[in-house]
Every structure is written in structure tokens, then in C-alpha cells.
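Below: the structure, in C-alpha cells.
Values in this text are rule-based calculations from the coordinates and carry no lab data. As the structure is a computational prediction, the values presented were derived from the model and not from experiment. FYI the Cβ positions are ideal-geometry reconstructions off the backbone, even for glycines, and counts take in every protein chain you see.
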4 protein chains.
Amino acid sequence: MSSLDTLIQDLVVANRILAKEEVVDAYGHVSVRHPDNPNRFFIARSLAPDLVERDDIVELGLDGQPVRDETRQLYLERFIHAAIFEARPDVHAVVHAHAEDILPFGIAQATPLRPVIHSGSFIGPHVPVWDIADEFGDTDLLVRNMDHGRDLARCLGSNKVALMRGHGFASAGRSLIEVVRLSVYLPRNARALLRAKQLGGEVKYLTEGEINARASGYSAYSPETWRAWEYWASKAGCSHMVTRPDGKHEH
Amino acid sequence: MSSLDTLIQDLVVANRILAKEEVVDAYGHVSVRHPDNPNRFFIARSLAPDLVERDDIVELGLDGQPVRDETRQLYLERFIHAAIFEARPDVHAVVHAHAEDILPFGIAQATPLRPVIHSGSFIGPHVPVWDIADEFGDTDLLVRNMDHGRDLARCLGSNKVALMRGHGFASAGRSLIEVVRLSVYLPRNARALLRAKQLGGEVKYLTEGEINARASGYSAYSPETWRAWEYWASKAGCSHMVTRPDGKHEH
Amino acid sequence: MSSLDTLIQDLVVANRILAKEEVVDAYGHVSVRHPDNPNRFFIARSLAPDLVERDDIVELGLDGQPVRDETRQLYLERFIHAAIFEARPDVHAVVHAHAEDILPFGIAQATPLRPVIHSGSFIGPHVPVWDIADEFGDTDLLVRNMDHGRDLARCLGSNKVALMRGHGFASAGRSLIEVVRLSVYLPRNARALLRAKQLGGEVKYLTEGEINARASGYSAYSPETWRAWEYWASKAGCSHMVTRPDGKHEH
Amino acid sequence: MSSLDTLIQDLVVANRILAKEEVVDAYGHVSVRHPDNPNRFFIARSLAPDLVERDDIVELGLDGQPVRDETRQLYLERFIHAAIFEARPDVHAVVHAHAEDILPFGIAQATPLRPVIHSGSFIGPHVPVWDIADEFGDTDLLVRNMDHGRDLARCLGSNKVALMRGHGFASAGRSLIEVVRLSVYLPRNARALLRAKQLGGEVKYLTEGEINARASGYSAYSPETWRAWEYWASKAGCSHMVTRPDGKHEH
């Protein structure tokens, strides 16, 4: 397959993994930037991630509109992706989801969500909370246009994740494999922090030095990173769709 | 299929979805009003929702009695459905269930259940708690007749959901697809609220304006709504039973 | 099948249901009294309940010893069953298990476990906590002989369930179908109570009158009771082993 | 099969069980000491435990390095195993994992993790918490070399389990079957303790006498111990790989 074909297949796998790991359900989506044209990105048409196939992937511009004639329904909130790709040239993949266990941290903001476990380090030292009401008042909470999307991207800033009050989160990575891993461990970190607080006493967060040490050791196709991608794809029943970094297929 | 056949098939699908999503177990039921005769509704005979087939669907009147000779056992609590259909001409589908995570809010009433997440907005701004003991004293807590049912319907009023103390909930929608979605996200909203309270500090509920904005944007067969129905049916293993709004079958 | 064959098959089904519903794991067991000889009961040999077949069922006396030559290993804690059958002629089926969510109530005894949900009513108004250390000091916590068993049975008294501190519970019913249902809903009631307490404020327990009303309406082979047995057997993959009260097989 | 072949097959089974029981996910590993050469041990190459096959098992020395030419990637943290085998001649099997529900006890250290349930007794009376930062400052939290490993082994001392702050745990047993069982029940004990504390009031821990009584009754191939191994292997879909203590295969 061409590298573009491989990327699109990886995007299908990412959809299935996020569904199996319960980061998304019927709602939520994942996108990847076009490798040759930074002004475009790929995302599924409006469909539950678990059901996404190659033919369901569409190509959008940074205005969130399809670059070709498209009669199929698109995700209403595709502007989350468009605006983050627009604001962040370093970002190559985005997830938006409503993973249940991060929701409390957007609703009750007395306890900021921060890394407490090593696998949660990739969410970064600071996870801002975006409240659509601050700028737009009473809405249906959906990111329905570029104004909404840009306001969210502004709040995200240079961070990896922004929580969205009463709604979910948006996460940004340098690759699909990074943003999926980050999104899978985000709720786990949230649960560990919630329960640590229930135990009482001082909570030991990861230090900034530890978060940096982990970030600097990260590589999208290291054997350690690959191990999780391969495993999650297997759990999600799509091992056969996985292309290894060396271009070989899993079998 | 005729539209009535389709509706009954949809009711079978609704049973399976509610079972798969753990809203019901052996107990709990879902009904839909007859599209041509508002004084009648369809519901399964006494059977666990996961096991319901087309032939298990019976037709009842607003007194909760079968409109044809019926030798099979009926749900004891079918009067929940009859009384809500009687009191609420706007309601076309009803769920009664004991979804575990809403139970605490009926037992400890210091914290009212209200929407804190966007997918929970459809439960409406106010979720009353009905206590059968207020009117009927010590009972087995079951809604065994029209008196019980009407008292519950009175408590429900014009709301979408009433909690039933020590028992479960009743929810009312304009369509099967609406009441199923509402019933699936109700426990999720309950969990998010419980955990937000555990984090401490101020809880940001959805505002009345946000709840209204979401309600006014809702349409039973919008692509967004359909996406969830299609996904849940797939998870429940009954994609092949789903009829699309345009009358075509999923395949 | 003879009624004895049917009963033994029901016992196999009960083992599988309790495993599927996560009341037991590798450990825990269920027994049923011999219908024609009240001084004997049936229980599996030492084996995880999910793996139990007909040939694994053994017949024991009220001293906990096999009534026939038996070379296979027996459950160490079979004396729980023997002692309860000895002390309680009204009891025809017993479960012992370590269902996770009841454990906290045996460890932290400030909050007694009592019914808060209608499906939990069958645990009865009072659930005593037995601590083996009170009578026997430091042990391995196992009920290894009739002295241990009789002390537990004494604590159980005329109740339906006794918690065992740091260990699990023993439950007693008039039939297999009753004791299985009770044991499945016991952890659910425990979770509802724990979470209601986390919400704060007054907890509304079921009243004694409500518990009695439910108990007096209970019948082992009512359609409502049967509905759950049939459903759980289906989930556990053993619908084909189920014999209906009228002697017919499910198909 | 030779006893060495059997041991390696058991190690494959242990990998699968730990995955199925959610002690490990893509990460985490289990090892066993060479029965004839105490200076060597077996562990999988870098691979998710659920995917491990016989050919994925490698043989390492107590310096954590492979004893034969090995081109495949090894676990970065294999030094956990090497250092514990080096320090503890009594230990024949080691698990390192990030089981979610033990994490809070490493993060909020006000409540030490101690046995509260009989199946948790095997974690021993004292579970130290190792913080890599105490000796090594800001790191990526991984046990990347023998210095890290030896510091962890020192903290573990003669105990069965050490928690690793913000990371996971390391457990040590006299056999694979022991360390797997211990690692499966460790998170369950953690959950029971967390919830008991939420109920409030005095928590009744297992006494030192009870822990000792259980430890002295333990035997790796007792019928009770075997029962769990057989059950977990069945759940993990690898009954056919299990060799019974008498050398016979399960079927």
C-alpha cells in the first residue's frame, strides 16, 4: 500500500481501538492530518467509530469543509479538529471524545486533572478546562463552527489535552499512535487521581521533571509504543489491518 | 414491511439495546404507543428484554389490559406504561428500569439528579423522585395497578424522567429512539454527578438555557441520533433488524 | 428426567449463573438439600463453579462428609452448607461466596448492610456479620469443620444472609432459584447503599413493612422469578439445561 | 513434555491469565526462575502478555541480559525481575504490572495497603511503597537498569509485594501459580479497603496471626490453589495448555 493508504487504514484501526477501549461510544471521533498537505485532514463521515471502514473516511480542509463533493453527513463537531490543526502545526492527530471518567474533572473544577501515573504523563503537566459558555453563553455545548473551534484551540494552547466542561475532551498528538495512547490512558489517570483523593492525605503528582523525562523518551514507533498499538488492535479484532513501522503487515 | 411491522421490530431492537447497555437485566421493559390508535400500546409479554422476539410483543389498552385474548403472563408493572400514555398524549414511548447507577439518587435525596453532561441533557432540568410509600404506605414497591401508575404519572408531570425511590426510574419520550437514548445516558449522567461531588467544590450543572438549546436541536431521525441507534443495535447483535428512516434495511 | 435428575441439573445451572454474574470466581459454592432425604445435600466437588458438570456433583451428609466412597477432593468449606442445613429445616439451598462488593460491609461495620432497593429486599431486614475470630481467634478464616459451621449458623439465626468478616457471605433460601436470586442482588444492594451514603443526607432504607410485603408475594416459580432464572441461564450459556416448572425443557 | 517445557508453557499461561484478569494490559510482565540454574530466568520478549507464545520466551541472566544472541526487543524493565531474583533466592516467580486499582495506594500514602480479605492475605502484612525519586530524582519512572532494580529489591526486602509510586507494583512468589494468584487478588484487596474506608468507622484488617495461618496452610499445588489456576486458564482460553501437577494435560 502507499503510505497514504496505510495512514488511512491506521485511522480505521484508531477508530476501532478507541471504541473497544471505551474512549468513544456512538459519539467521538479521531482525525489525522494529510502527510503531504498540511491544510487537509482525514476523519470519518458521521458514523460510530466502531463501524468505520476505509470508505467512510473523508478529507476535509482547515475550515472543516470537505475538499470534494460529499453527500454523506459529516460530524457536526469536525471544527474541533479543523481548528486544532489550524492553530497547531506540530499536531498531526486529534481525538475528541466523552470518555466517562474524565467528565467529573470538567464539572467540578476544584481538583485539576494532572498526571499521577506514569502512563498518564503524556497528557502533559497542565490540562486546561474549556467552558463554551464563557465565550458563547447558552449553547447546545457542541463545537458547531470555526468560532467555537478556535476558542477551544486557544484554550488548549500548547497543551496536549483540554477538558470541555460538561462535554468531554480534545487531545492533540504528533501521530495517531500517540494521540490514541494518550486518550486511552487519560481516563485511567483520572480514575487513579479520583481514588487517591478518596484515600485522603497528600497526593503525589508526577513532577514536571518526570513528565519531561517521559516526554523526551517518547518515540511514536519505539517497540514500547508499538506494543500497545498492536495489543489494542488485537483486542479490537483488527490485527489484520495493522501495518508495522517497517511496512510489513501483522499476520 | 408495513410501518406497524417496522415499529414492532424497532421495539424488539429497543429491548435488546437496553439489555446490552445494562439499563435492564431480567427486569425492566420498554413500550411504544400504537401509531394509529393512541389508546393502545405495544410491550413484550413477561420476558427478559434480551430474549424478546416479535411474537412476544402484545398490544395493551390504556387500562393496561390486553386488547386480545392473551394467555401468556404480562409484566406486573405494565401500568407504569398505561398510566403515562394516558396522562401524556405527547409521549409515544416509555421505559421502566432499575439501572443500577441511578438508584442512589432515589435513596439519598440530598443531591437531586440533574444534567451535568451534554448527553444527559435529555433527562430535562428537573427529575422528580416518586415514593410509592407517600400515597400507598408499605407495599412491595411494584406498580401493580392503575392507581399506582396514575400516582407515578402525576409525579412525573411534564418531565422526561421520574426516579422511583428504592426501585428504579420511568422515562418518557416522543419516540422509541429518544427514550432509549435518554435511558442509556441517564445512568452515565448519574455517575458523572456522583463522581463530581466526590471531587468536591462547586458542581457546574447544565444551565436551563443549555438544556433548552439541546432539546430544541433534537430530532428523532437526525444523523446524530441515528448514529447511536445504529451503533447500539450493532453492539446488541441486531443490526439486521434495523430499518433506516428511509425504510431501507441495514445490511 | 426424574425430579432428582432435574434438581441436579438445576444445581449445575446455578453454578454457572453464579459464575457469570460474578458472585463466585474460582471460589464459592452452592448446594441444594436432597428432596427426599433432608439429612443429605448436593454440592460440587472442589472445582470452580463455572466448570461444574453433572458428574461433579457429590452427595454429602449433614456432617459434611460424603455418603458414598469419594476419592475426589471436596470443598474445604462444605461445613458452611452442612451446618446451615442442620440448623435450618426451612432452608433448601445455600450459597457461600466472596462477591467483591459485599466485602466492605464485613470489614467496616459502622454501616450495616440493609435493603435499600426492591430487588435487595430478599436479603431480609437484618444481615448479621459473623467474625470467626470472636470464637476461634486467629485462623485462616476458612470454615474448616462443623464447629466453625455451627458458629456461623448460630450467627445467621433465622436470617437470609450472614456476612463473614474479611471473607464473604453465606445465604440461605427455600430453593435454588431463591438463593441464586438473593445472591445476585446482594452485591447490587451493597453498591446502591455505598453510593447513596456517598451522596450524603438521609438514606431511605426499605421499611420492615415493605420487606415483608415483598417476601409474602414471593413464589419460587412465579413468572417473575422464572424470568430471571431463564435470563441468567441464557447469559451463562446454559439455556439448554433449563427445565421449566412444568417439566418442559427450554429450547 | 520435559519439566522445563512444562514450565515455559506455564509461563505462557501466566501471561494470558494476567491479561484476562486485567492485571496487565499492553504493559506488565511475568517471569519464572530457571529450575536448574538459579542464575537465569525466563520472561517474554517485549510483547503484550495476551499475545505471548512459547517462542516469545527468552532466557536472561541475573544482570537482565539475554544468555543467547537475541535480536528481538526485550522489556525495558526486565531489571525488576533480575534484581529481585538476585536478592531473593526464595523467590521463583515475579510479576510487574500497573493494575489500576492499586495505583491510588502508591499515590496517596496516608492509607497503607494491607490485607483486609482472606484472598488478599498472600500480599503479606506489610506492603512497602517504593518511590524511584527518593534515590534517583526525576526519571521517567521506569526501572531501566540494575541500579534501579536493586533499589526496588531493597525496598521490597522480604515482603511479597512492593508498590511503585505513580507506576504499579512488583510481586514475588515461590512459584508462578503463587505470584499469579497474589497479583490477581491484590487489586481486589485494594478495592475492598478503599470502599471500606468510604463506609467509615473502624476498618478490621486481617491480623498478623490470620495472615500467618493462611500462609502456613498454603501449598502451590493444593487442590484449592489448583482450582483457581485451572479456572483462570479456562477463562483466558488456554485450558488446553495447562499441565496438571501430576503431569497430565487438561482436556
Q.
Show me the trypsin sites (Lys or Arg not before Pro) within the stretch D:41-121 that DSSP assigns to loop and that have at most 10 other Cβ atoms within 10 Å of their Cβ.
A. D:ARG68
Q) Of all DSSP beta bridges in the protein assembly as shown, what percent run antiparallel (nearest 5)? A) 90 percent
Q. So for the stretch B:118-201, what are the equivalent ellipsoid semi-axes in whole Å, largest first, each being the square root of 5 times an eigenvalue of the Cα gyration tensor?
A. 24, 17, 10
Q) Are there GluC sites (Glu not before Pro) in the stretch C:1-57 that DSSP marks as loop and that have at most 16 other Cβ atoms within 10 Å, and which are they? A) C:GLU22, C:GLU53
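Ranked by Cβ crowding within 10 angstrom, fewest neighbours first, how are B:HIS167, C:HIS126 ordered?
Ascending number of Cβ neighbours within 10 Å: C:HIS126, B:HIS167.
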Q: Calculate, for D:ASP63 and C:ASP134, the FRET efficiency according to 1/(1 + (r/R0)^6) with r their C-beta to C-beta distance and R0 51 Å; round to the nearest 0.05.
A: 0.45
Q. Can you give the net charge of the other residues whose Cβ lies under 11 Å from the Cβ of A:ARG40, counting K and R as +1 and D and E as -1?
A. -1
**Q.** Relative pair counts by distance (%), Cα atoms of the protein assembly as shown, 10 Å bins
**A.** 2, 11, 19, 24, 23, 15, 6, 1, 0
Q: Specify the inter-centroid distance of the stretch D:8-61 and the stretch C:128-142, based on alpha-carbon positions, in whole Å.
A: 38 Å
(Q) Tell me the net charge near D:SER175. Cut-off is 14 Å between Cβ atoms, D:SER175 excluded, with +1 for each Lys or Arg and -1 for each Asp or Glu. (A) +2
Q | For B:ARG154, label point 7 Å along C-beta direction: distances to other copies, nm | A | 5.3, 5.3, 7.5
Q. What residues qualify as long-range amide H neighbours of D:ARG40, i.e. H under 5 Å apart, gap of 5 or more or another chain, H built at 1.01 Å from N?
A. D:HIS34
(Q) How large are Rg and Dmax for chain B when calculated on the C-alpha trace, in angstrom? (A) 17.4, 58
Q: May I ask which of A:LYS235/D:LYS235; B:LYS197/D:LYS197; B:LYS20/B:LYS204; A:LYS197/D:LYS20 have a Cα-Cα span longer than 20 Å here?
A: B:LYS20/B:LYS204; A:LYS197/D:LYS20
Q | FRET efficiency, D:ASP55 to A:MET241 (Cβ-Cβ, R0 22 Å, nearest 0.05) | A | 0.40
Q. Non-local amide H neighbours of A:VAL58 (under 5 Å, H modeled in plane, Pro and chain starts lacking H): which ones?
A. A:ILE43, A:ALA44, A:ARG45
Q: Kindly work out what percent of the DSSP beta bridges joining two residues of chain D are antiparallel, to the nearest 5.
A: 90 percent
Q: Please identify, among A:LEU182, A:LEU76, A:LEU163, the residue showing maximal mean-square fluctuation in a Gaussian network model of chain A using a 10 angstrom Cα cutoff.
A: A:LEU76
